[in-house]
Amino acid sequence: MKIKEGFVLRKMPGMNMVMPIGENIKTYKGSVMLNETSAFIYEKLVEGKSKEEAAKALTEEYDVDIEKAMQSVERTCADFIEAGIAE
């Protein structure tokens, strides 16, 4: 699982958005809104972490067990792929 190049996470008070940059602006219309958990997972994937590593990081950051964390990562990754920002 990898975030495609040409996207950046912008954090604003109360809002997290993944937006296209560079050449992607011409082909990708709009942006993707993320909640805090999805933004956290996005950042871990950008750092090159695996899904498993992202889930482990979730357990350390939030009060959640590894099973729920992995479910959240899997669901979020599927959403990223569907939105066209990951492969």
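The values are calculated or read from the model by the stated rules, or taken from the named source; none is laboratory data. In this text the structure is predicted, and so the values were computed from the model without any measurement. Every residue, glycine among them, receives a Cβ derived from its backbone with ideal geometry; neighbour counts consider all protein chains shown. When the accessible area is computed, the model is the full protein with side chains, heavy atoms only, and any ligands, DNA or RNA have been set aside. Shrake-Rupley method; radii C 1.70, N 1.55, O 1.52, S 1.80 Å.
Computed from phi, the 3J(HN,Hα) profile of region 68-80 under the Karplus parametrisation 6.51, -1.76, 1.60 (θ = phi - 60°) reads 5, 4, 5, 4, 5, 5, 4, 5, 5, 4, 4, 5, 4 Hz, with x in place of Gly and Pro.
Using alpha carbons only, what's the Rg to Rh ratio of the chain with Rh from Kirkwood?
When Rh is taken as the Kirkwood radius, the ratio is 0.97.
Bridgeable lysines around K26 (alpha carbons under 16 Å apart, same-chain partners fewer than 8 residues away excluded): K4. Here the chain has 51 percent of its accessible surface on carbon and sulfur atoms, given a 1.4 Å probe and all protein chains in place.
Counting only protein heavy atoms and a 1.4 Å probe, the chain has 63 square angstrom of accessible area per residue.
M17 label point, 7 Å along Cα→Cβ, cut-off 17 Å on backbone N: hits in region 59-87? Answer for region 59-87: 85.
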